Each structure stands twice: as structure tokens, then as C-alpha cells.
1. Quick check, is THR99 under 17 Å from the mean Cα position of the chain (by Cα) and either crowded, with 20+ Cβ neighbours inside 10 Å or in contact (Cβ under 8 Å) with a residue 12 or more places away in the chain (or both)?
2. In segment 234-274, what residues are modelled with pLDDT under 70 and charged (D, E, K, R)?
3. Step by step: first the residues of segment 119-129, then only those that are surrounded by fewer than 19 Cβ atoms within 10 Å (Cβ to Cβ) and in contact (Cβ under 8 Å) with a residue 24 or more places away in the chain, then the one that is nearest to the chain's Cα centre (by Cα). Which residue is that?
4. For segment 157-190, enumerate the residues that are within 22 Å of VAL95 (Cα to Cα), surrounded by 13 or more Cβ atoms within 10 Å (Cβ to Cβ) and hydrophobic (A, V, I, L, M, F, W, C).
5. Quick check on segment 202-250: of everything there that is among the charged types (D, E, K, R) and surrounded by 13 or more Cβ atoms within 10 Å (Cβ to Cβ), which residue is nearest to the chain's Cα centre (by Cα)?
6. Right, ALA86: at pLDDT below 90 and either closer than 17 Å to ILE153 by Cβ or outside any helix (DSSP H, G or I) (or both) or not?
7. Show the residue pairs that are 6+ apart or on different chains and have beta-carbon atoms under 8 Å apart, the first residue being within segment 254-269 and part of a loop (DSSP other than H, G, I, E, B) and surrounded by fewer than 19 Cβ atoms within 10 Å (Cβ to Cβ), the second being of a type in the set (S, T, N, Q) and modelled with pLDDT of 60 or more.
Amino acid sequence: MSTPSNAMSETPFAPDAAAPAALSATRPFYWSVRRELWENRSVYVAPLAVAGVALFGFLIGTHGLPRTVSAAAELGAPRKAVILLALPYDFAVAVIVLTGLIVAVFYSLGALHGERRDRTILFWKSLPVSDLTTVLSKASIPLLVLPLVVFPIVVAAHLVMLLVSTAILLLNGVDPALLWSHLPLIRIWLTLPYGLIVLVLWYAPICGWLLLVSSWARRAPALWALAPPLGLCLFEFLAFHTRYLWSLLIYRLNGGFAEAFSAGGQGKVPISRLNQLDPLRFLSLPGLWAGLVFGAAAFAACVWLRRRNDPI
């Protein structure tokens with residue numbers, strides 16, 4: 001007779017084999033973010049498309065580049081030459097970043113409203129992913145993913161513009177060193193991450209408000225996002241003849257760049273050198289922290305509402 005084997009310990013019913021591998025705490029969040037990118041390809045397609053349009057326009061305008069570079073080299077003031085040559089590169093930054101902001105607004109308005117409208121919320125709630133993880137993954141798209149998408153697109157667009165400019169200058173017999181010596185690309189690339197962080201921190205309460213409206217409104221979330229703040233501003237003006245709420249709203253919309261990119265804040269003296277950046281002063285602004293507190297409260301309310309929401 002054969003001796004008893006230890007086969008029992010190797011069966012699928014053994015405790016060690018039956019225990020499922022523990023999931024990483026961040027893995028549901030990672031896959032939730034990937035799901036958002038799969039479903040919302042405009043997050044990276046729209047900035048890429050706008051960058052392509054900007055490059056096409058720059059290519060058409062390169063017929064006057066040799067004359068522009070020669071004129072910039074003849075200018076007595078280097079600052080004027082820098083402004084003249086950096087204008088297309090600054091414009092590319094502006095349109096790509098603005099596109100990212102527009103995508104962030106439309107994404108935030110539809111992030112939680114869309115899954116209730118098409119009833120996919122029933123499917124996603126059936127998965128072992130908490131409402132907190134879902135809301136955080138949706139908030140991370142405008143606050144984390146979009147800045148990480150915008151930065152390399154801007155750098156790549158600038159490099160293409162520089163290569164095209166160099167080739168055009170060489171073909172026209174102009175020394176490209178005249179362009180390189182006056183083009184502040186390194187300063188732009190070093191300043192851009194700071195600017196994106198400023199945008200994220202300053203607009204976090206707006207993102208929280210848009211997500212909150214998206215999680216609550218049954219229809220027309222864009223209308224519900226605009227009506228309460230504008231209605232309160234109108235009420236204050238008609239009732240008290242003051243504009244404090246309107247000033248606060250305007251400050252929240254465009255005050256971040258004025259505070260972060262001017263010496264002393266408030267947009268009085270724009271910075272022209274990297275050593276003029278003062279992130280500590282920006283981080284110490286009471287308006288920044290008040291907005292972050294409001295944003296955190298809005299995100300918490302989104303989690304609470306999603307836990308109780310049903311399809312529309």
C-alpha cells in the first residue's frame with residue numbers, strides 16, 4: 001500500500017491557496033483614473049488638437065521669421081527683443097493651457113451627472129470601489145492629470161517650433177544663434193510647472209463646486225453651476241447696492257495669476273525674472289486656503305451625494 005501523501009496541503013482548498021491576494025490600496029484608484037481617461041479622451045485629445053492648430057499657424061507665419069529675428073537683433077533693448085521673439089511661444093502656452101481649463105470645466109460638470117443620466121452608476125456601484133475612490137479619481141482628472149498632460153504638450157510644441165524656426169533661418173542665411181540667444185525657453189519651461197500648480201490650487205474650489213453641481217443636478221448642470229453665484233451677486237447689488245460678492249467671484253476667477261506672477265501681488269508689477277517668483281507669499285494667502293477648505297468640503301459633499309444618488 002502506498003503511504004499517505006501530502007496532497008491535501010496542495011489542493012485548491014488549502015487555506016494559503018484559497019486566500020486571495022490582497023489588493024493594493026491605490027490599485028482601485030489607479031484603475032478608476034484609467035477608466036476616466038478611457039471614457040474621456042478629450043482630456044488629452046483636445047490639448048493635442050489645439051497644439052496642432054497652433055503649430056500650423058506658426059508654420060504659416062514663419063515667412064516673416066528671418067525679418068523678425070533680424071529686427072530683434074538690431075533692437076537696442078534686449079528686453080524688447082525677448083518679447084518680440086517669445087510672443088509665438090507665449091501664445092502657444094496660453095492657448096494650450098486655456099484649452100486644458102475649458103476641458104476641466106466641461107469634464108467636471110459631466111463627471112458625476114453623466115453616470116446618473118446614462119444609468120451606468122448602477123454598474124459602477126456594483127464594483128468593489130468606494131464612493132470616495134470614485135470621487136477622488138474624477139477630481140484627479142482636472143487637478144492632477146490635465147496639468148501633467150498640458151506640460152509635455154507645451155514643451156513638445158515649443159521644440160517643434162524651435163526646430164522649424166532654426167531650419168527656416170538656415171535656409172534664409174540668418175544665423176539661428178540670434179534666435180536662441182534671445183528666446184527664453186528655459187525660463188518658460190521652468191515657470192510653467194509653477195503656473196500649473198497655481199492654477200490647480202487656485203481653481204480647486206471651482207472644480208469642487210462644479211463636481212458638486214454635477215453630483216446633485218438632475219438636468220442642466222451648467223445652468224445650476226452659474227445661477228446661484230450670479231443670482232447672489234445680483235441680489236446683493238439690488239438689495240444693498242454693493243458688489244462684494246461680484247468682486248470675490250472675479251478675484252477667484254483671475255486673481256490667482258495676478259497674485260502669483262507679479263511682484264507684491266495684485267498684478268501691479270509683472271515679474272520678468274525667475275528670482276522674482278515668490279511661492280511662499282502665494283501659499284500664505286488667506287484666499288487660497290479659504291478656497292481649499294471650500295473645495296475639500298465640496299468634495300466631501302460629492303462623496304455623500306454619490307452614496308445616495310440614483311439614476312436620473
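1. Numbers: under 17 Å from the mean Cα position of the chain (by Cα): yes; either crowded, with 20+ Cβ neighbours inside 10 Å or in contact (Cβ under 8 Å) with a residue 12 or more places away in the chain (or both): yes.
Answer is yes for this residue.
2. Listed by number, the residues that qualify are LYS268, ARG273.
3. Within segment 119-129, the subset surrounded by fewer than 19 Cβ atoms within 10 Å (Cβ to Cβ) is 119-120, 122-129.
With the extra rule that they be in contact (Cβ under 8 Å) with a residue 24 or more places away in the chain, the set shrinks to 119, 122, 128-129.
Working: ARG119: 28, LEU122: 29, PRO128: 28, VAL129: 25 Å.
Residue satisfying both the conditions and the ranking: VAL129.
4. Within segment 157-190, ALA157, VAL160, MET161, LEU162, VAL164, LEU183, LEU185, ILE188, TRP189 meet the criteria.
5. Step one: filter segment 202-250 for residues among the charged types (D, E, K, R), giving 218-219, 236, 243.
After this cut, where a residue has to be surrounded by 13 or more Cβ atoms within 10 Å (Cβ to Cβ) as well, the list is 236, 243.
Numbers: GLU236: 32, ARG243: 30 Å.
If we take residues in segment 202-250 being among the charged types (D, E, K, R) and surrounded by 13 or more Cβ atoms within 10 Å (Cβ to Cβ), then ARG243 is nearest to the chain's Cα centre (by Cα).
6. On the way: at pLDDT below 90: yes; either closer than 17 Å to ILE153 by Cβ or outside any helix (DSSP H, G or I) (or both): no.
No, not satisfied.
7. The qualifying pairs are ALA263/GLN276; LYS268/SER262; VAL269/SER262.
Each row is one residue, and each column tells you yes or no for (1) among the polar types (S, T, N, Q); (2) without any contact (Cβ under 8 Å) to a residue 60 or more places away in the chain; (3) out of contact with any Lys or Arg (no Cβ under 9 Å at 6 or more places or on another chain); (4) in a helix (DSSP H, G or I).
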residue: VAL95; (1), (2), (3), (4): no, yes, yes, yes
residue: LEU109; (1), (2), (3), (4): no, no, yes, yes
residue: LEU136; (1), (2), (3), (4): no, no, yes, yes
residue: SER140; (1), (2), (3), (4): yes, no, yes, yes
residue: VAL150; (1), (2), (3), (4): no, no, yes, yes
residue: ASP175; (1), (2), (3), (4): no, yes, yes, no
residue: ILE186; (1), (2), (3), (4): no, yes, yes, yes
residue: TRP189; (1), (2), (3), (4): no, yes, yes, yes
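The values are calculated or read from the model by the stated rules, or taken from the named source; none is laboratory data. Note that the structure is predicted; figures quoted are calculated from it, not measured. When we count neighbours, we look across all protein chains shown, and the Cβ atoms used for this are built from the backbone with ideal geometry, even at glycine.
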